[in-house]
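Below is one structure; the comments refer to it alone.
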Amino acid sequence: MSSSPIPWAGFLVFLALLLGERLFELRLAARHLPSLRARGAVEFGAGHYPAVVLLHALFPIAILAEILAGARPPHGWAWLLAPIALAEWLRAASIRTLKNRWHVRIWVLPGEKPVRTGIYRRLAHPNYLGVVIEMAALPLLFGAWRTALVASAINAALLAIRIPAESRALRWAGEQVGSAAR
């Protein structure tokens, strides 16, 4: 399989955009937290969150390490921009739909039903789907298939913990809705 030279300027732009996106999400989550707490939000699944942070912090480093070890973008890499755009759209749609309830951690509001509008009308976990696509497609853009494989596997293991934790949290919040109505 032939490959293209590494477009270092493109990689640096990619890296800046990825880090910018993650920092934006952290700042947005920090901005939402006081409101969530004031409304009585309860956090679930805090124990696995450090592993999520570690994965997202090491992800761009792993891509860079694989590039430095010789990974090169495959010819015809442009098709990877479509799934990356889809991933970003899914993440943005999640944030837009959840508004001030969106957070990087699992916070639920007792007495409020889960959001079932916007993208959540069709998908239960659009943000997680966006991350799944990102973990696979972004490294492949630079020929870092090992990073795509390992990051995707670790992300799958974390989602196997996180999604049930979120489901328990939403179930708990739903029970609080029922309790408040009685």
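Every read-out reported here was derived from the displayed coordinates using simple, explicitly stated rules and does not represent laboratory data. Computed from a predicted structure; not experimentally measured. FYI the Cβ positions are ideal-geometry reconstructions off the backbone, even for glycines, and counts take in every protein chain you see.
Listed values, structure above:
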| read-out | value |
| --- | --- |
| Karplus-derived 3J(HN,Hα), 6.51/-1.76/1.60, for each residue of the stretch 153-168, Hz, glycine and proline x | 5, 5, 4, 4, 5, 5, 5, 5, 8, 5, 5, x, 5, 5, 4, 4 |
| Simple spin-label estimate for Ala156 and Leu68 in nanometres, 7 Å along Cα-Cβ | 2.9 nm |
| Whole-Å distance, taken between Cα centres, linking the stretch 6-77 and the stretch 114-158 | 12 Å |
| Using alpha-carbon coordinates, inclination of helix 81-98 to the longest axis of the chain, degrees | 20 degrees |
| Separation of the Trp145 and Arg37 label points, Cα + 7 Å toward Cβ, nm | 4.8 nm |
| Sequence-distant residues sharing a close amide H with Ile106 (under 5 Å, placed H) | Phe44 |
| Spacing of the two label points (7 Å from each Cα toward its C-beta) at Ala78 and Leu23, in nm | 3.1 nm |
| Among (i) 18.3, 66; (ii) 15.9, 49; (iii) 17.0, 53, the entry derived from the coordinates for Rg and Dmax of the Cα atoms in Å | (i) |
| Within-12-Å neighbourhood charge of Gly45 [Cβ basis; K, R +1; D, E -1] | +1 |
| Summed residue charge, Cβ within 9 Å of His32's Cβ, Lys/Arg positive, Asp/Glu negative | +3 |
